[in-house]
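**Student:** If you scroll down you'll find the structure; I have some questions about it.
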Amino acid sequence: MSGMEEEAPDVLCQLENVQGLVDALTAVRWKRHQDAVLELSEHGIVLIVEESGCLQAKVYLKKEIFIRYDYNAEGRPRFGVSLGLFVDCLNAFSVPGHSSLIQIWYPGPDMQVLLKSVDSLDASICAEIRTRIPDTSAWDYNFEPAGTNPLTFTVKSAALKEAIEDLEWPGSSIQITMEPDPPSVTLRAEGHGDLQIDFIYCVNSDLLVAFQCDHRVSFKYKYKFLRASTSNMPSSVTKENRGSKLSIGRGGMLKVQHLVSISKPSASHSHVDSAGYQQPSRIAHIEFFVKPEESED
């Protein structure tokens, strides 16, 4: 049997834009001390964070966003890390105006995550992050459609973030109502009074860019959990303003989806496929799952 040092790591990957990865992971960091679980597979890496059995977020880093992705594990290894520590370490490799190339591999000799800069001629930066055995997921986040037709809408990301910030009321809830006629989405907060924001859907809508709803539906969500889904949205997302997709599933489970550009091909590391087309910017998919409040009736 070969020695430990000769065995290939479970995963070894290289990434050319650290800042894009920092942006994606910061989007799911809603408090200072937060644990995350990383799950590895031949398809890429998924990072999962959750709180109170009511809020869960996932960052999907598909293998295509890496310029190298070597996967050698059997099954799907899972390990826990401090999200804040992971982001802080990655930040150490991020140089403004420079597309840093870093290598990440797991496990190291003591089951740690190892990071190393690989394109600097002057000096090499290395970091290692201790891991822990993760707890099993505290709740079932499986998102099931509420019926045969999806209940979903897509709103410009900057407008969604602004609307939720405007609805802030300490300790309050936000009621999200979808109406098929007229096609609209209402966000309503109640406190010492109430505040309501309406998104009306029409063909040339600037804000509500997609809408699917065949029956009225209304659920309440704790403000702090709903706010977590947009509060750390990277500036790149609001600038590109593609659109964030919200879906209401069975039992009122809310799914909020954002797309974050991890990197745009640079001259030195451009990716050209077999047909000769250069790939567009590579995208990380971020999903939040928010449980509704128990209805009182």
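**Student:** When the chain is fully extended, how far beyond the present Cα-Cα distance does HIS215 get from LEU195, taking 0.36 nm per residue of separation?
**Tutor:** 4.8 nm
**Student:** Tell me, which longest segment in the chain has none of the GluC sites (Glu not before Pro) that fall in DSSP loops with at most 13 further Cβ atoms within 10 Å?
**Tutor:** The segment 75-293 is the longest one with no such site.
**Student:** Continuing with the same structure: Compute the distance in nm between two label points, each set 7 Å from the Cα along the Cα-to-Cβ direction, one at ARG76 and one at CYS126.
**Tutor:** With each label point 7 Å from Cα toward Cβ, the separation is 3.2 nm.
**Student:** Below 8 Å between Cα atoms, with a sequence gap of 6+, how large is the relative contact order for the chain in percent?
**Tutor:** 21 percent
**Student:** So for the stretch 1-107, what are the equivalent ellipsoid semi-axes in whole Å, largest first, each being the square root of 5 times an eigenvalue of the Cα gyration tensor?
**Tutor:** 23, 19, 12
**Student:** Could you check the spin-label model distance between GLU294 and ALA92? Points 7 Å from the Cα along Cα→Cβ, value in nm.
**Tutor:** 4.6 nm
**Student:** For the pairs LYS63/LYS161; LYS156/LYS255; LYS116/LYS239, note any where the Cα-Cα span goes beyond 26 Å.
**Tutor:** LYS63/LYS161; LYS116/LYS239, as the Cα separations exceed 26 Å there.
**Student:** While we're looking at this one, here's another question. Based on the alpha carbon coordinates of the chain, what radius of gyration and maximum Cα-Cα distance (Dmax) apply, in Å?
**Tutor:** 20.9, 71
**Student:** On to the next question. Report, in whole Å, the centroid distance computed from the Cα atoms of the stretch 47-88 and the stretch 140-182.
**Tutor:** Each part reduced to its Cα centre gives a spacing of 26 Å.
**Student:** Report the dimensions of the stretch 185-251 along its three principal axes from the alpha-carbon atoms, largest first, rounded to Å.
**Tutor:** So the extents along the principal axes, rounded to whole Å, are 34, 31, 26.
Quick note: the coordinates plus some simple rules give every number you see, no bench work behind them. Only a predicted model underlies this, so the values are computations on that prediction, with no experimental measurement involved. Cβ: placed from backbone, ideal geometry, glycine included. Neighbour counts: every protein chain shown.
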